[in-house]
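Take a look at the structure set out below.
The values are calculated or read from the model by the stated rules, or taken from the named source; none is laboratory data. Just so it is clear, the model here is predicted, and its values are computed rather than measured. Using ideal geometry, Cβ is built from the backbone for each residue, glycine included, and neighbour counts are taken over all protein chains shown.
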Amino acid sequence: MSGKATYKTFKGGIHPPYNKELASGKAIRPAPVPAEVFIPLQQHIGAPNEPLVNPGDRVELGQKVGSSEAFVSAPVHASVAGTVKEIAEVTGFTGAKVKCVVITPDAEQPEFARKDRDITALSDQEIRDIAREAGLVGMGGAAFPTHVKLTPPKDKPVDTVIINACECEPFLTCDHRVMLERPHDLVQGLKLLMRAVNAKRGIIGIEANKMDAVDAVRGAAKGEAGIEVEILEVKYPEGAEKMLIFALTGRKVPPGKLPSEVGCLVQNVGTAVALYEACAWGKPLYERVLTVTGQGIKEPANLLARVGTPISTLIEACGGFVGQPGKVIMGGPMTGWAQPDTSAPVVKGTSGIVVLTPELVDVGTEEECVRCGKCTDVCPMFLLPNFIVQAVKKGQWDRAEMWGALDCFECGCCSFTCPAYIPHVDYVRKAKAEIAALKRR
C-alpha cells in the first residue's frame, strides 16, 4: 500500500511543467506608474461602457471614468490621478481595437483615501451594490461582472461558495502570493460572498503544491463557521469551474448550465480580496496583483499593477527580456493570448505576463490526426476534440455543435497532448464564432 497522499480531483486533465518556482518566492511589490495609462471601457463580459470624461478633464485616483446602465456590465475607474489626454481606439490583448480613456498621470501619485466601514452590518443587497459600483469582475480571466454572479435566479438558491485558489495554470503565482500575504482579507471576502447569496458553506480549494498557502489560509479561517480549506491534486485544469465543483462537492454541472444549477458559486482569490477592499475600504477595482515571469524574463516578479499599464512597463520593471523573446503571452501559457508586441494594456482579468524563450515555442507543424485518442482521454469535459476539428475543417457547423464545441471552455489539454500538433482550441474558437454568426441570422 502506497503512503502517498491522495487529494480531491476530477477525471481527465494533464500535468504540464509548472515552472512556478520562477516567481512563487517573490513577495508582491508595486509596479511603476507608466507615462500613460490606457483604461479600456470594456474589460468584462456584457454591455460596453460609455466614457464619463472628456479630453482635458482632471481625474482623481479611483474616479469612475466609464459606465453603463445595463445590468450585465461593470464600470471602470481611473487607476491614476491625472489628466485625460484623449478617448482613443487602442489595440487590446485579443488583437481587437478597444475604446480607451487615456490618462497622463500626475508626477506625484496619492495613496487611495480609504473609507473604512463595518462590513458586518452590510446586507446582501448592499454587498451586490458595492460590487457593482466598484466594477468588480472575475479576476481569473473570465471577467464576468461579480454583482451578476451574486444575483442567482430565485429558483436556484446557492448553498456553497467556492474560492478557486488552485492557480493551476503554469507559471502564474499571483494568487499564491495573495494567499500568503493577505489570508485574512481572502477569508473576509469569502464571508461577504457567502452573505451576499445566503450560503452557509464556503470552501477554499488549494492545490497541494501550495502547502504554505494552505497553512496560512487555514490559520486565517480558524474559528470561522462554515468555512473549509480543502487540498486538491496538482493537475491542470483543476481550477476550471465545473472541475472544481465536482472535485470539492461531487456535484456535476449539466452541459450548458451554470454552477447555480447545482447550488454553487465559484469566485477567484483576487475577486474575493477585491470585494473585501470594496466593502471595507470603498476601494474600486483599479489595480491588481499579477505575475510577470517565464524563462524570457530577467527578474520574474509578482507585481501590484494599475489597470491600463502597458505590458512594456511591466517587462521593464522586471529587468527586461533575456535575449530575443520567443513569445509574450498575456495570461498563462495554456489559456492566454499571444501578443504581437508589448503595447497592450493590463485589464482587470490579467493574471500574468509570461515570456517564453524561442526554444520553448517550437511546437512543430500541424499534421493529420493519427487517431491516437489522447485528446479525448485528457478532455475534462469528456468531449471528442478530434471530431470537432474534423467538422470545422469541413465547414459542418451543425456537427461541430453536436460534438460539443459550445461546451468546450478552451483549457488546451487536447492541444498540449496532441502528437500531430493540431491546435484544437483554434478550431473550437472558429466553430464558436461561426455557430454564433449562424444563430444571429
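Here are a few things to note about the model shown:
- Scanning region 410-434 for residues that are more than 22 Å from Val363 (Cα to Cα) and surrounded by 16 or more Cβ atoms within 10 Å (Cβ to Cβ) yields Ala431, Lys432, Glu434.
- Sole exception among (1) in contact with a strand residue (DSSP E or B) (Cβ under 7 Å, 6 or more places away or on another chain); (2) in contact (Cβ under 8 Å) with a residue 24 or more places away in the chain for Ala338, by number: (2)
- Helices (runs of 4 or more DSSP H) fully within region 178-290 counting 2 or more residues that are surrounded by 24 or more Cβ atoms within 10 Å (Cβ to Cβ) and touching a helix residue (DSSP H, G or I) at 6+ places or on another chain (Cβ under 6 Å): 183-197, 211-221, 269-281
- Test: residue in region 351-373 that is outside the structural domain of Ala240 (by TED's automatic domain parsing), buried (at least 22 other Cβ atoms within 10 Å of the Cβ), in contact with a helix residue (DSSP H, G or I) (Cβ under 9 Å, 6 or more places away or on another chain) and part of a loop (DSSP other than H, G, I, E, B): yes
- Total residues in region 326-336, condition surrounded by fewer than 21 Cβ atoms within 10 Å (Cβ to Cβ) and in a loop (DSSP other than H, G, I, E, B): 2
- Complete set of residues in region 388-441 that are polar (S, T, N, Q) and in contact with a Lys or Arg (Cβ under 6 Å, 6 or more places away or on another chain): Thr417
- Hey, Gly66 exposed (fewer than 15 other Cβ atoms within 10 Å of the Cβ) and without any contact (Cβ under 8 Å) to a residue 60 or more places away in the chain or not: no
Yes or no, residue by residue, for (1) modelled with pLDDT of 95 or more; (2) touching an Asp or Glu at 6+ places or on another chain (Cβ under 8 Å); (3) under 30 Å from Thr9 (Cα atoms):
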| site | (1), (2), (3) |
| --- | --- |
| Ile353 | yes, no, yes |
| Glu359 | no, no, no |
| Thr365 | no, no, no |
| Lys374 | yes, no, yes |
| Cys379 | yes, no, yes |
| Lys394 | yes, no, no |
| Pro423 | no, yes, yes |
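- Verdict on Asp106 being acidic (Asp, Glu), at pLDDT 95 or above and in contact with a helix residue (DSSP H, G or I) (Cβ under 8 Å, 6 or more places away or on another chain): no
- Some residue of region 23-46 being farther than 29 Å from Gly294 by Cα and either out of contact with any strand residue (DSSP E or B) (no Cβ under 7 Å at 6 or more places or on another chain) or of a type in the set (D, E, K, R) (or both): no
- Residue in region 34-54 that is exposed (fewer than 13 other Cβ atoms within 10 Å of the Cβ) and in contact with a helix residue (DSSP H, G or I) (Cβ under 9 Å, 6 or more places away or on another chain) present: yes
Condition check ((1) in contact (Cβ under 8 Å) with a residue 40 or more places away in the chain; (2) basic (Lys, Arg); (3) more than 30 Å from Asn302 (Cα to Cα)) across all residues:
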{"residue": "Gly331", "(1), (2), (3)": "yes, no, no"}
{"residue": "Asp362", "(1), (2), (3)": "no, no, no"}
{"residue": "Glu366", "(1), (2), (3)": "yes, no, yes"}
{"residue": "Cys369", "(1), (2), (3)": "yes, no, yes"}
{"residue": "Gly373", "(1), (2), (3)": "no, no, yes"}
{"residue": "Val378", "(1), (2), (3)": "yes, no, yes"}
{"residue": "Pro385", "(1), (2), (3)": "yes, no, yes"}
{"residue": "Gln390", "(1), (2), (3)": "no, no, yes"}
{"residue": "Asp407", "(1), (2), (3)": "yes, no, yes"}
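- Complete set of residues in region 71-115 that are assigned to a loop (DSSP other than H, G, I, E, B) and buried (at least 20 other Cβ atoms within 10 Å of the Cβ): Ser73, Ala74, Pro75, Ala78, Ser79, Val80, Gly92, Phe93
- Within the set Val289, Val307, the sole residue that is among the β-branched types (Val, Ile, Thr), more than 24 Å from Cys379 (Cα to Cα), in contact with an Asp or Glu (Cβ under 7 Å, 6 or more places away or on another chain) and not assigned by TED's automatic domain parsing to the domain that holds Ala134 turns out to be Val307.
- Counted residues, region 303-337 - those being in contact with a helix residue (DSSP H, G or I) (Cβ under 9 Å, 6 or more places away or on another chain) and among the aliphatic types (A, V, I, L, M): 5
- Residue within region 173-186 that is in contact with a Ser or Thr (Cβ under 7 Å, 6 or more places away or on another chain), among the hydrophobic types (A, V, I, L, M, F, W, C) and farther than 23 Å from Gln125 by Cα present: yes
- Of the criteria (1) in contact with a Pro (Cβ under 6 Å, 6 or more places away or on another chain); (2) hydrophobic (A, V, I, L, M, F, W, C); (3) not assigned by TED's automatic domain parsing to the domain that holds Glu228, which one Ala107 fails: (1)
Every residue, every condition in (1) in contact with a Leu (Cβ under 7 Å, 6 or more places away or on another chain); (2) among the hydrophobic types (A, V, I, L, M, F, W, C); (3) assigned to a loop (DSSP other than H, G, I, E, B), yes or no:
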{"residue": "Cys411", "(1), (2), (3)": "no, yes, yes"}
{"residue": "Phe416", "(1), (2), (3)": "no, yes, no"}
{"residue": "Pro419", "(1), (2), (3)": "no, no, yes"}
{"residue": "Val425", "(1), (2), (3)": "no, yes, no"}
{"residue": "Lys432", "(1), (2), (3)": "yes, no, no"}
{"residue": "Lys439", "(1), (2), (3)": "no, no, no"}
